[in-house]
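The values are calculated or read from the model by the stated rules, or taken from the named source; none is laboratory data. The structure presented is a predicted model; accordingly, all values stated were derived computationally and were not measured. Here the Cβ positions follow ideal geometry from the backbone for every residue, glycine too, while neighbour counts run over all protein chains shown. To get the accessible areas, we keep the full protein, side chains included, count just its heavy atoms, and leave off ligands, DNA and RNA. Shrake-Rupley method; radii C 1.70, N 1.55, O 1.52, S 1.80 Å.
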Amino acid sequence: MSEQIYDIFVIGGGINGCGIARDAAGRGYKVALAEMNDFASGTSSGATKLIHGGLRYLEHYEFRLVRESLMEREVLWAMAPHIIWPMRFVLPYHKGGIRPAWLIRLGLFLYDHLGGRKLLPPTATLDMKRDPAGKPLKALFTKAFEYSDGWVDDARMVVLNARDAADRGATIMPRTKVISARREGVTWTIETQDTVTGEKRTFQSRMLINAAGPWVDHVLSDAFGKNQVHNVRLVQGSHIIVRKKFDDPRAYFFQNPDNRIIFAIPYEQDFTLIGTTDRDYKDDPKDVKISDEETTYLCSAASEYFKEPVRREDIVWSYSAVRPLYDDGASKAQEATRDYVLKVEGAEGQAPLLNVFGGKLTTYRRLSEHALEKIGEVIGLKGTPWTAKSSLPGGDFPVRGYEAEVAKLKARYPFLADPHARRLVRRYGTRAAMLLGEAKTAADLGRSFGSDLYEAEVRYLMAHEWAYTAADVLWRRSKKGLYLSKDEAAALDDYMAGTRVHA
Ligand SMILES: Cc1cc2nc3c(=O)[nH]c(=O)nc-3n(C[C@H](O)[C@H](O)[C@H](O)COP(=O)(O)OP(=O)(O)OC[C@H]3O[C@@H](n4cnc5c(N)ncnc54)[C@H](O)[C@@H]3O)c2cc1C
């Protein structure tokens, strides 16, 4: 039995759980968080990775959500200019297309003016016969609108929230599953199991936060023993990654005949990310994977626009995740609300439970603030909102300071190749120097695991970011999985297993 009584115990190490834990720890609450796998191993590494208002949600009249999200774009960019950056989106259209030009223009006018846009440039119109953005597309698309949103490395945003929460005193436990939770008067008794060793532990907390994303209902039925729980609608979304379809730094927004939209986004220097789909999902979220039908859908939707079709054989990687949308009874998956809902349970004199339903990467910080308001109401206020003006670890440099950070890093470590220095600043920001230490040559970075992944980085990830397996390093802390062979990945796994034993 753990000695101390926590104020708040969070179930789930996705963006919402880690965001709430960080905000709460920063306000002085005593916080613990348990994640059954790796951070962001659920939905939070499977997104389209946009920090966006959600242009399409305007069609569903989700003005509250769109406004809050639009305002968050520049707040989050300032908090983490290494892992978040602005991106321009090219929305091609043609006469007789899915939506009339006036409707798109109206949507973009609202998008530009609903709030929060200070640094991001406004919407522009493009002549695609002249603009380089027209080059990879079919000649039919002679016109386009170009608007602003943001891009984020989703899995890193999660782990940086966890890191900062721990730096502010939270107890952060990956690979720890909550197996039961029961009320004992004004406190919760929570039992966890280490998913590697099987070891069980018991914790006590004044309040419990269920931020288990697509598992939020599973937690209520399995850990709390509740019957007939149905709060979220699970909606699968998949993405495919192909070799670069275009050189432009801008992304594309394509409208499909079924009224849906997909994005084609420049990804990891050498690739294009295409997605997403929207379909109801019934099985265990951990088993989600792209279906044949989705692959065909994405290839053909993108091929409607690109001169060179996107073929199945072009796909180098794909991923799939499940949106835990609050079930508002919408008939179509794509129409279910993307807004979040926070519900507190527990009568007077009973330990309270806060359930988190829905949410987006873009709104995680505001969701956390709203959660903290509810937490304050039931267990007593501590501190004040503070995250809007904070930096995530490594993000303490100006929003437009990326190039200067790269130059600084290259001046201090002249042996670094330019793409390597750029990648390190994108991943670690000002903390890149922590990882490189006193290295004077590439050999000082230790063993090379393939591409530009060296022992120094792996050790840093194990020591500071809880990386445990090769998949943690290759698919969540970085996307080096796109560059390493199967044998190289296996060698990394062996190395990490050996390092753990000798740690
Ligand atoms: C296809 C797709 C595209 C998206 N695109 C965008 C986008 O472009 N922009 C945007 O803003 N948002 C986007 N989203 C939404 C966003 O990704 C999600 O809203 C967000 O990641 C949900 O985070 P979460 O923390 O609620 O859930 P998760 O990330 O799933 O976290 C929940 C965690 O709880 C853990 N857990 C479950 N049960 C237990 C237990 N018993 N004990 C311990 N841990 C447990 C799980 O392992 C999991 O890691 C997208 C979502 C999808 C699916």
For the stretch 286-310, what are the residues that are charged (D, E, K, R), open to solvent by 60 Å² or more (accessible area, probe 1.4 Å) and more than 16 Å from Lys138 (Cα to Cα)? Lys286, Asp287, Lys289, Asp292, Glu293
Among residues belonging to the stretch 399-447 that are of a type in the set (D, E, K, R) and touching a Gly at 6+ places or on another chain (Cβ under 9 Å), point out the one that is most open to solvent (accessible area, probe 1.4 Å). Asp444
Considering every residue within the stretch 167-177, establish whether at least one is more than 21 Å from Lys245 (Cβ to Cβ), polar (S, T, N, Q) and more than 21 Å from the chain's Cα centre (by Cα). yes
Return yes when Ala139 is over 30 Å from Ile15 (Cα atoms) and open to solvent by 10 Å² or more (accessible area, probe 1.4 Å) and no when it is not. yes
Please go through the stretch 19-52 and give me each residue that is under 16 Å from the mean Cα position of the chain (by Cα) and of a type in the set (Ser, Thr, Tyr), ordered by number. Ser41, Thr43, Ser44, Ser45, Thr48
Log entry, pairs with first residue in the stretch 478-498 being within 21 Å of Ala432 (Cα to Cα), second being assigned to a loop (DSSP other than H, G, I, E, B) and open to solvent by 50 Å² or more (accessible area, probe 1.4 Å), beta carbons closer than 6 Å, six or more apart or on different chains, reads Lys480/Ser451; Tyr483/Ser451
Residue check for Phe224: farther than 20 Å from Ile20 by Cα, within 14 Å of the ligand (Cβ to nearest atom) and open to solvent by less than 50 Å² (accessible area, probe 1.4 Å): yes
Looking for something open to solvent by 50 Å² or more (accessible area, probe 1.4 Å), in a helix (DSSP H, G or I), within 25 Å of Pro81 (Cβ to Cβ) and touching a Ser or Thr at 6+ places or on another chain (Cβ under 9 Å) - is there at least one such residue anywhere in the stretch 465-485? yes
If you go through Ser300, Ser320, Ser331, the only one that is of a type in the set (Gly, Ala, Ser) and assigned to a loop (DSSP other than H, G, I, E, B) is Ser331
Which is in a loop (DSSP other than H, G, I, E, B), away from the ligand (no atom under 16 Å from the Cβ), more than 24 Å from the chain's Cα centre (by Cα) and farther than 30 Å from Ala467 by Cβ, of Lys118, Lys95? Lys95
Expected single match for modelled with pLDDT under 90 and among the β-branched types (Val, Ile, Thr) among Ile51, Ile98 is Ile98
Of all residues being open to solvent by less than 10 Å² (accessible area, probe 1.4 Å) and more than 22 Å from Ile15 (Cα to Cα) in the stretch 182-212, which is nearest to the ligand (Cβ to nearest atom)? Just the residue, please. Phe203
Out of Leu65, Leu33, Leu58, I need the residue that is assigned to a helix (DSSP H, G or I) and within 13 Å of the ligand (Cβ to nearest atom). Which one? Leu65
So Ala25 passes all but one of these: (1) of a type outside the set (Val, Ile, Thr); (2) away from the ligand (no atom under 11 Å from the Cβ); (3) surrounded by fewer than 24 Cβ atoms within 10 Å (Cβ to Cβ). Which condition number does it fail? (3)
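Here is a yes/no grid of residues against (1) open to solvent by 40 Å² or more (accessible area, probe 1.4 Å); (2) at positive phi; (3) not hydroxyl-bearing (Ser, Thr, Tyr):
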| residue | (1), (2), (3) |
| --- | --- |
| Arg312 | yes, no, yes |
| Leu325 | no, no, yes |
| Asp328 | yes, no, yes |
| Gln334 | no, no, yes |
| Asp339 | no, no, yes |
| Leu353 | no, no, yes |
| Gly359 | no, yes, yes |
| Ala371 | no, no, yes |
| Val378 | yes, no, yes |
